[in-house]
1. What is the angle, in °, between the Cα long axis of helix 117-126 and the longest principal axis of the Cα atoms in the chain? Nearest 10 is fine, range 0 to 90.
2. For residue 348, tell me the accessible area in Å² from a 1.4 Å probe, rounded to the nearest 10.
3. Under 8 Å for C-alpha pairs, at least 6 residues apart: give me the relative contact order for the range 119-268, rounded to a whole percent.
4. On full extension of the chain, what length is gained from residue 353 through residue 138, given 0.36 nm per residue of separation minus the C-alpha to C-alpha distance?
5. Can you pull the one-decimal nm distance between simple spin-label points at residue 322 and residue 35, each 7 Å off the Cα toward Cβ?
6. Could you give the angle, 0 to 90 degrees to the nearest 10, between helix 320-337's Cα long axis and the longest principal axis of the Cα atoms of the chain?
7. Would you kindly derive the ³J(HN,Hα) couplings of the range 49-56 from the backbone phi angles with the Karplus curve 6.51 cos²θ - 1.76 cosθ + 1.60 (θ = phi - 60°), listing them in order in whole Hz, with x for Gly and Pro?
8. Where in the range 57-77 is the amide nitrogen less than 16 Å from a point lying 7 Å along the Cα-to-Cβ axis of residue 94?
Amino acid sequence: MKIAFYGSSLLSSYWNGAATYYRGILKALAARGYDITFYEPDAFERQQHRDIDPPAWAKVVVYPATDDGLRSVLAEAHKADIVVKASGVGVFDRELIEAMRTAPRPDALRIFWDVDAAATLEEMRSDPAHPVRATLPEIDLVLTYGGGPPVIDAYTAMGARECIPVYNALDPETHHPAPADPRFQADLALLANRLPDREARIEEFFLRAASLAPERRFLLGGNGWHDKAMPANVRAIGHVGTADHNAFNCTPQAVLNVARDSMAAIGFSPATRVFEAAGAAACLITDAWEGIEMFLKPDSEVLVARDGQDVAEHIAMLTPDRARAIGEAARARVLAEHSYDLRGAQVDAILKSRRPRERKAA
């Protein structure tokens, strides 16, 4: 079956946290015989910051972020058996979701794939005329990369025919143990872009922890932190490309995951970083959120912190042997239960159970 996928970017993770997720899921689907074309706009300097070449398992069409560019790629939708509009493209999101009513063939399966369900749902609650909410009756299926029962219930209450979470996962070919790199030496490292709905949590879980442990070394990677006041023991290094993520995760004694406000509130939303770190056998400390036990077992596969004080205490008590044991246990868990191969099998089963021709006959 042919899939037309309209998303932010497959080729660049620059200001695009969904890149790893797209790559893992679509690569796994391609291995199961799907013919995939990914349409991404030339926007936000992502094409100047590519971190992969166009892959063999998907055709990538980069279109100008203009009205003509949009029209040219929407004209391709009628060739597909399955048409996917992802959230957070960044340009033409309204036009792309509204086009789900008219651009696909009548027998095509229409999917809205929400990679930030908490934010999308909040927008829809405050705006009854929100384009996603208005288009839900025309969409066959909503897939999300997190959220669990709260997101399923919210989407169905707003008119979605069906909502199924497809969680983040690990591609062991791209995220795996790697040699330590002196650039990333630290007691605790965090990789996170500076975003308004996560900054306060990073101040608490990372910067406050650094203030409480002045003798420890803290490392911060990600965009947007250049003008942020930080404790003297925090070193900010800016954007870290995906080619360096394994070394970034493997070198420090521990790495930290901090969920965005909305993701933490809704729960059941492990970030891509959780699985990247676990795949590298890193010792992961995460802020507390509902549902973590579905993915990693607290105390033996992950350390859970309620605040910056907890983070500082975890660092103080952590030995190299315990850090190594936690990381190895986490890696074993995600390889067994949370690989993109398994997520691909899940999506394959979902799509095959809703074959376009069966919908047409119905």
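1. 60
2. Probe radius 1.4 Å; accessible area of residue 348 about 20 Å².
3. That works out to 26 percent.
4. Result: 75.5 nm gained on full extension.
5. 5.6
6. That helix lies at roughly 20 degrees to the long axis.
7. 10, 5, 10, 9, 7, x, x, 6
8. 66-67
The values are calculated or read from the model by the stated rules, or taken from the named source; none is laboratory data. All values derive from a computational prediction rather than experimental measurement. Heads up, the Cβs are rebuilt from the backbone with ideal geometry, glycines too, and the neighbour counts pull from every protein chain shown. To get the accessible areas, we keep the full protein, side chains included, count just its heavy atoms, and leave off ligands, DNA and RNA. Shrake-Rupley method; radii C 1.70, N 1.55, O 1.52, S 1.80 Å.
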